[in-house]
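Q: Please read through the structure below; I'll follow up with questions.
The values are calculated or read from the model by the stated rules, or taken from the named source; none is laboratory data. Keep in mind that what you see is a predicted model, and the values were worked out from it rather than measured. Please note: Cβ atoms are built from the backbone with ideal geometry, for glycine as well, and neighbour counts cover all protein chains shown.
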Amino acid sequence: MNNIYYQKYIKYKTKYQNLKKQTGGQNINKNFTITSPNFINYEKLDDKYKLDKCGGQNIFPTLIFHDPSPNTKSYALIMDDPDAIHGLWIHFICWNIPKQFTQLDNDNIQNVIIGKNSWNENKYGGPCPPQKSGKHRYFFKVYALDTILNIDKNTNKEELLKIIKPYIIDQTEIVGIIYA
């Protein structure tokens with residue numbers, strides 16, 4: 001792990017823990033969080049996470065799950081960009097992330113069910129904001145579920161959210177930024 005990212009991670013983790021104590025957190029059980037050794041919440045994502053055609057390597061950043069509910073049976077994840085020029089852009093959705101996973105990364109995303117993104121593809125699509133389009137926020141939203149889903153792999157974000165709504169027991173998010 002890059003030493004600079006690790007130092008930022010430790011700084012962020014300490015800052016976040018203090019903030020969480022002050023605010024009570026923003027998620028359901030106030031303990032479930034996600035962090036990343038690759039970026040700090042609301043700070044810049046490295047270019048390697050961008051799509052190949054945008055100068056990146058299309059690598060999914062590592063997300064580490066902290067303190068999920070003991071009733072968690074699986075996780076679902078949605079990565080989207082609300083700042084896209086043509087409206088909300090879905091980069092990645094997946095579900096049935098095993099409860100045993102303490103992190104999701106570029107290596108193990110092949111072990112989950114991947115739904116349809118805004119390119120109408122069942123795969124991760126990294127950021128690729130148009131030049132001079134300003135700041136883009138990439139939300140990585142993780143939902144802890146009390147079930148394992150049995151749904152079609154062609155499910156999109158809207159359908160997934162409707163399906164998981166009664167099963168959500170925890171949720172949290174982390175946001176990466178890219179300036180175009």
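Q: Working only within the range 71-121, note down all residues that are in a helix (DSSP H, G or I) and either surrounded by 19 or more Cβ atoms within 10 Å (Cβ to Cβ) or free of Cβ contacts under 8 Å to residues at least 12 places away in the same chain (or both).
A: 108, 110
Q: Just to be sure, is residue 141 modelled with pLDDT of 95 or more and among the basic types (Lys, Arg)?
A: Yes: the conditions hold for residue 141.
Q: Just to be sure I understand, how many residues within the range 122-152 are surrounded by fewer than 19 Cβ atoms within 10 Å (Cβ to Cβ) and either without any contact (Cβ under 8 Å) to a residue 12 or more places away in the chain or part of a loop (DSSP other than H, G, I, E, B) (or both)?
A: 15
Q: Sticking with this structure for a sec: Check the range 4-24 and report whether any residue there is at pLDDT 60 or above and either part of a helix (DSSP H, G or I) or on the phi > 0 side of the Ramachandran plot (or both).
A: Looking for residues that are at pLDDT 60 or above and either part of a helix (DSSP H, G or I) or on the phi > 0 side of the Ramachandran plot (or both), one finds none in the range 4-24, hence no.
Q: Give just the number: which of (1) more than 21 Å from residue 44 (Cβ to Cβ); (2) crowded, with 16+ Cβ neighbours inside 10 Å; (3) touching a Lys or Arg at 6+ places or on another chain (Cβ under 8 Å) does residue 178 not satisfy?
A: (1)
Q: Next question. Could we say that residue 150 is under 16 Å from residue 74 (Cα atoms) and of a type outside the set (A, V, I, L, M) here?
A: Spelling it out, residue 150 is indeed under 16 Å from residue 74 (Cα atoms) and of a type outside the set (A, V, I, L, M).
Q: Could you please let me know if residue 64 is under 22 Å from residue 154 (Cα atoms) and at pLDDT 90 or above?
A: No; evaluated as a whole, the condition is false for this residue.
Q: Quick check on residue 65: is it among the hydrophobic types (A, V, I, L, M, F, W, C), surrounded by 19 or more Cβ atoms within 10 Å (Cβ to Cβ) and under 30 Å from residue 131 (Cβ atoms)?
A: The answer is no for residue 65.
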